[in-house]
Amino acid sequence: MPSDYAADDGHEALLETCSDSTRPHLASGWVGAKNRWRKRQDGQRWLSVCWHRLVQSCRFLTTRRFLSVLLVLITMSITYNIVIFYFENPVFPISSAWKEPRLLPLQMTCSALTETRRNLSKQPEHRSMAKLRIDAKVLLFVETIYSRLGRDIAELLVHNRIKYKVDVVGKSLPVLTNLDKGKFAVIVFENLTKYLTMDNWNRELLDKYCREYGVGVVGFHPVSEEVLIGSQLKGFPIFVHTKMNLKNAALNPASNVLRLTRAGETAWGNLPGNDWTVFAPNHSTYEPLEWASPNSELPSPFVSDHGAARLLYTVVQDHGTYDGIQRVLFGSGLGFWLHRLLLLDALTHLSQGQISLGLNRYVLIDIDDIFVGEKGTRLKPPDVEALLSSQKRLQAMVSGFKFNLGFSGMYFHHGTDEENAGEDLLMEHIDDFSWFSHMWNHKQPHLYDNYTHLEMDMKLNKNFATEKNIPTDSGYSVAPHHAGVYPVHEYLYEAWKKVWNVKVTSTEEYPHLRPARLRRGFIHRNIMVLPRQTCGLFTHTYLIEKYPGGREKLDENIQGGELFQSIVFNPINIFMTHMSNYGNDRLALYTFESVLKFTQCWTNLRLLSTLPVELGEKYFQMFPEEEDPIWGNPCDDSRHIKTWSHNKTCQQLPNFLVIGPQKTGTTALYSFLSMHPNINSNLNSIDTFEEIQFFNGKNYYRGLDWYMGFFPVPINSSSQYLFEKSATYFDGEQVPKRAHALLPQAKLVTILISPAKRAYSWYQHMRAHGDQVALNYSFYEVITASESSNRPLRDLRNRCLLPGKYSQHLERWLTYYSSSQLFIIDGEELRTAPVDVMNSVQKFLKITPPFDYATHLRFDKKKGFYCQIINEDKTKCLGRSKGRKYPQMDERSLKLLQVRS
Ligand code: A3P
């Protein structure tokens, strides 16, 4: 009997008078801890039954009886109010039973959890001793680019950062080799039948490739239209039975495919879908990898002589002894969570370790707002004790684990007396946890448009920490709602560095919240920004019934679902939780203890934790390519725009870019465009003369605010156009990707002339600028410099010739932008007929009203080019550096370059 009820004698007495059938109702409503609403309903029902009984017993009323009935009624009424108050106010102090977690940790019968020490060294490394001449890349054959399983496979590869190429199975194969190197380490067929029925020529080619380069094949048996019983897989000594309904999957512990996945357990219950294919091999080359039991009656081939159902092989390994090619065949897609793990192991095994994921998984659990929460939802002493003991259990599973507590000092002691006592207890255990600074008042940093105020508030939190002996040297910080981290609020980075010496932070928002598998990290102003994972626990999910999808969904997330997969697929997991997740139903404790147990149960992963700064360093050692940020447009993401300063506007970004290349007439085009009353270019950069050169150099690291600072806010954004011209954008390796991330709708204008002429003009330009190499070597010597020539000469040659590889550069632009966004100007025409060119540019840009260039441009005989008309006799031409006089290109060079281009 729960103490609350036992304490009330009247209540006990009432229980005596009520029939037995009503008692279990209340008891089960309590013990079973369903939901509060149901409990209230149970309580009301129980009381109404009792009332009914009382009314019946009042038929023979005497004074004594009347008084005793009255007494009982009063007691009932008081009890009822107490019960209702309890149900409506879960934090009412008498409800000490609430301090017991309503969710007991997930019970798992898992051998890994009972072993004292798990032996991880046994796991195969798959790395072949032979030096394989293959790239760590998957070739994924799909039926169509829209097919479901194909997409699932591709998403899994992306999540695990495995490189891949998708090809639609068709008449031709993609190129499989590059010189003497194989381009793919594993071939995956979304539909196994397409592999089996490939035309002979392609199949022979593919098989030859697989044998020669030691490359294996993965195939998924498709969902079949008809029921196949004992049907042979074309050309192989193995039979299938389709449309099966299965349950209780387990893995073959003897299989050498298993590395990340741990065998020995059974996934009890029905397997998703009722169209599984099972395999019946007839050759020693096959070994089961996964098996399951039937959920329905079996046809004869799958029943033993004694009539017992055999274990059905749902995933099989082909050792390659039949035809020299190793394979893994799946009898169902990735709907079953275990298949995602098996696919990863199959890729490692079949690529002989070329595609291989590490087995270390780092887990950091942030409790963002340890003091922030409404009265009634905050931690009480028993919650803090539960937190400490859960931490101990987690430490046994995750080496080096400590909860990481974020604090906003202003909200300290803002709870009930009991909750404040909880915080006092927490303060007694400061050293048991890691700590990091949140904002003092929990205000979002992007709301500070005044740096001094932001810095002042940060200092208040630091003073609080110092006063309470909370460590201040973690080098880690987190902002409320991740505001100011991405999109970047420069003041936040500045103040973080100055006040807290922050070196690392984390966000879910880069580049976007969804899809989670694409979250990445970056470094800005020497602060490492790490991706965070979502665990499904938010500020308001403090009771199980508030968990989206309820208990069932939470357990699904834990047992093979999204949360479990997050730990498996991300080498570093930073989870965000809140104080309220640790009080009340203590959902976070339940969630993490359970999911980490499950991970131990089903995987060979080593669970580790360390300090955030070390995590940051590890992250960028693993993924150095992520160090450079990619700035997106905050207005293209509804979440980003909410955490962007109200004083900023996306209108301060260009509508079109003039991308070059150099020496084709870009300055002339720039000056003609600037004559247009509705077109504004950027302001000049003091660092790079007239061009900003944002997307291609170190200026990019200065961030979005810096770039936007060059553009005025248009008075009328629908009729005014902003543009930027940086002639080196054309051939900049990173530029198309970066430009597209920020300006996906922008239009692009490029000017092309003969690459030979362009190279020669550039050489003359370098000479005019006093470049010593250009002055010391003739044009011919520059363009014919070989790999044995001196470095400065080779560099000059490259800078002279590489921009002229027009098709290569245009191809790169066109992988990001559509061809309808690109306008190519003939540079010769720009020289000789600029009015016509400008008219077509205006048309392309859809600028209205059109500007009459015929009345604003005139050929200037002295300059030898078209110039801007100032008045009848006067024109304004480009400076001396444009349209230079220099000798004609020598014949040899011209011939050579014409042959090359
Ligand atoms: P040269 O100086 O070699 O003749 P950019 O501005 O991209 O650096 O290109 C410079 C080239 O623009 C000049 O190369 C010149 O030929 C060409 N050009 C085209 N129209 C021009 C104009 N109206 N005035 C000056 N130069 C022009």
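The values are calculated or read from the model by the stated rules, or taken from the named source; none is laboratory data. Everything quoted here is computed from the prediction, not taken from an experiment. Positions of Cβ are generated from backbone atoms using ideal geometry, with glycine treated the same way; all protein chains shown enter the neighbour counts. When the accessible area is computed, the model is the full protein with side chains, heavy atoms only, and any ligands, DNA or RNA have been set aside. Shrake-Rupley method; radii C 1.70, N 1.55, O 1.52, S 1.80 Å.
Might you let me know whether segment 559-577 holds any residue that is farther than 29 Å from residue 162 by Cβ and within 21 Å of the chain's Cα centre (by Cα)?
Yes.
Going by the conditions given, is residue 707 over 20 Å from residue 847 (Cβ atoms), surrounded by fewer than 19 Cβ atoms within 10 Å (Cβ to Cβ), under 38 Å from the mean Cα position of the chain (by Cα) and away from the ligand (no atom under 16 Å from the Cβ)?
Considered against the rule, which asks whether it is over 20 Å from residue 847 (Cβ atoms), surrounded by fewer than 19 Cβ atoms within 10 Å (Cβ to Cβ), under 38 Å from the mean Cα position of the chain (by Cα) and away from the ligand (no atom under 16 Å from the Cβ), residue 707 comes out as no.
In segment 327-364, which residues are outside any loop (DSSP other than H, G, I, E, B) and of a type outside the set (A, V, I, L, M, F, W, C)?
Those that are outside any loop (DSSP other than H, G, I, E, B) and of a type outside the set (A, V, I, L, M, F, W, C): 327, 339, 340, 345, 348, 349, 360, 361, 362.
Please indicate, with yes or no, whether at least one residue in segment 517-528 is of a type in the set (S, T, N, Q) and either closer than 20 Å to residue 372 by Cβ or not in a loop (DSSP other than H, G, I, E, B) (or both).
no
Which residues, taken from segment 824-838, are within 16 Å of residue 656 (Cβ to Cβ) and either in a helix (DSSP H, G or I) or away from the ligand (no atom under 16 Å from the Cβ) (or both)?
Matches in segment 824-838: 837, 838.
Within segment 156-177, which residues are over 19 Å from residue 533 (Cα atoms) and among the charged types (D, E, K, R)?
Across segment 156-177, the qualifying residues are 163, 165, 167, 171.
Where in segment 128-192 are the strands (runs of 3 or more DSSP E), entirely inside, with at least 2 residues that are open to solvent by 10 Å² or more (accessible area, probe 1.4 Å), out of contact with any Pro (no Cβ under 7 Å at 6 or more places or on another chain) and more than 18 Å from residue 325 (Cβ to Cβ)?
Qualifying strands (runs of 3 or more DSSP E): 163-168.
Any chance you could count how many residues in segment 404-441 are more than 22 Å from residue 485 (Cα to Cα) and assigned to a loop (DSSP other than H, G, I, E, B)?
Residues that pass the stated criteria total 7.
Surrounded by fewer than 21 Cβ atoms within 10 Å (Cβ to Cβ) and in a helix (DSSP H, G or I) - does that describe any residue in segment 263-276?
no
From the list 654, 629, 677, 661, which one is under 19 Å from residue 511 (Cα atoms) and of a type outside the set (S, T, N, Q)?
It is 629.
Within segment 642-683, how many residues are over 29 Å from residue 754 (Cα atoms) and either within 16 Å of the ligand (Cβ to nearest atom) or part of a loop (DSSP other than H, G, I, E, B) (or both)?
11
Is one or more of the residues making up segment 799-809 within 13 Å of the ligand (Cβ to nearest atom), touching a residue at least 60 places away in the same chain (Cβ under 8 Å) and farther than 27 Å from residue 766 by Cβ?
The answer is no; no qualifying residue exists.
Quick check: is even one residue across segment 761-775 touching a residue at least 12 places away in the same chain (Cβ under 8 Å) and more than 24 Å from residue 885 (Cα to Cα)?
No.
Just the residues that are more than 29 Å from residue 873 (Cα to Cα) and open to solvent by 80 Å² or more (accessible area, probe 1.4 Å), please, taken from segment 815-858.
815, 816, 819, 820, 824, 843, 846, 848
Considering each residue of segment 841-856, count those that are without any contact (Cβ under 8 Å) to a residue 40 or more places away in the chain, within 16 Å of the ligand (Cβ to nearest atom) and under 49 Å from the mean Cα position of the chain (by Cα), and give that number.
Of the residues in segment 841-856, 0 are without any contact (Cβ under 8 Å) to a residue 40 or more places away in the chain, within 16 Å of the ligand (Cβ to nearest atom) and under 49 Å from the mean Cα position of the chain (by Cα).
Could you give every pair whose Cβ atoms fall below 7 Å, whose first residue belongs to segment 550-569 and is in contact (Cβ under 8 Å) with a residue 40 or more places away in the chain, and whose second residue is open to solvent by 10 Å² or more (accessible area, probe 1.4 Å) and of a type in the set (Asp, Glu), counting only separations of at least 6 or pairs across chains?
Cβ pairs passing all conditions: none.
Taking the conditions exactly as written (within 32 Å of the chain's Cα centre (by Cα), modelled with pLDDT of 95 or more, open to solvent by 10 Å² or more (accessible area, probe 1.4 Å) and of a type in the set (A, V, I, L, M, F, W, C)), does residue 388 satisfy them or not?
Spelling it out, residue 388 is indeed within 32 Å of the chain's Cα centre (by Cα), modelled with pLDDT of 95 or more, open to solvent by 10 Å² or more (accessible area, probe 1.4 Å) and of a type in the set (A, V, I, L, M, F, W, C).
Got a sec? Which of 204, 287 is of a type in the set (Asp, Glu) and assigned to a strand (DSSP E or B)?
Within the list 204, 287, the selection yields 287.
Output the number of the condition that residue 484 fails; it satisfies all remaining conditions of (1) in a helix (DSSP H, G or I); (2) on the phi > 0 side of the Ramachandran plot.
The single condition residue 484 does not satisfy is (1).
Among (1) among the charged types (D, E, K, R); (2) open to solvent by less than 70 Å² (accessible area, probe 1.4 Å); (3) part of a loop (DSSP other than H, G, I, E, B), which single condition is residue 462 missing?
Unmet for residue 462, out of (1) among the charged types (D, E, K, R); (2) open to solvent by less than 70 Å² (accessible area, probe 1.4 Å); (3) part of a loop (DSSP other than H, G, I, E, B): (3).
Tell me whether segment 685-695 contains one or more residues that are at pLDDT 95 or above and either open to solvent by less than 30 Å² (accessible area, probe 1.4 Å) or assigned to a helix (DSSP H, G or I) (or both).
Yes, the conditions are met somewhere in segment 685-695.
So, in segment 857-901, how many residues would count as being more than 9 Å from the ligand (Cβ to nearest atom), of a type in the set (Ser, Thr, Tyr) and in a loop (DSSP other than H, G, I, E, B)?
1
Is it fair to say residue 611 is under 26 Å from residue 536 (Cα atoms) and open to solvent by less than 10 Å² (accessible area, probe 1.4 Å)?
Answer is no for this residue.
So if I check each of 815, 750, 784, which one is within 16 Å of the ligand (Cβ to nearest atom) and at pLDDT 95 or above?
750
Give me a count of the residues in segment 710-724 that are open to solvent by 30 Å² or more (accessible area, probe 1.4 Å) and touching a helix residue (DSSP H, G or I) at 6+ places or on another chain (Cβ under 6 Å).
Result for segment 710-724: 2.
Specify the residue that is nearest to the ligand (Cβ to nearest atom); the eligible residues are those in segment 755-779 that are open to solvent by 30 Å² or more (accessible area, probe 1.4 Å) and small (Gly, Ala, Ser).
Once the filter is applied, the top-ranked residue is 768.
Rundown of residues vs (1) of a type in the set (D, E, K, R); (2) surrounded by fewer than 18 Cβ atoms within 10 Å (Cβ to Cβ), yes/no style:
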{"residue": "470", "(1), (2)": "no, no"}
{"residue": "475", "(1), (2)": "no, no"}
{"residue": "478", "(1), (2)": "no, no"}
{"residue": "483", "(1), (2)": "no, no"}
{"residue": "493", "(1), (2)": "no, no"}
{"residue": "496", "(1), (2)": "no, no"}
{"residue": "501", "(1), (2)": "no, yes"}
{"residue": "514", "(1), (2)": "yes, yes"}
{"residue": "517", "(1), (2)": "yes, yes"}
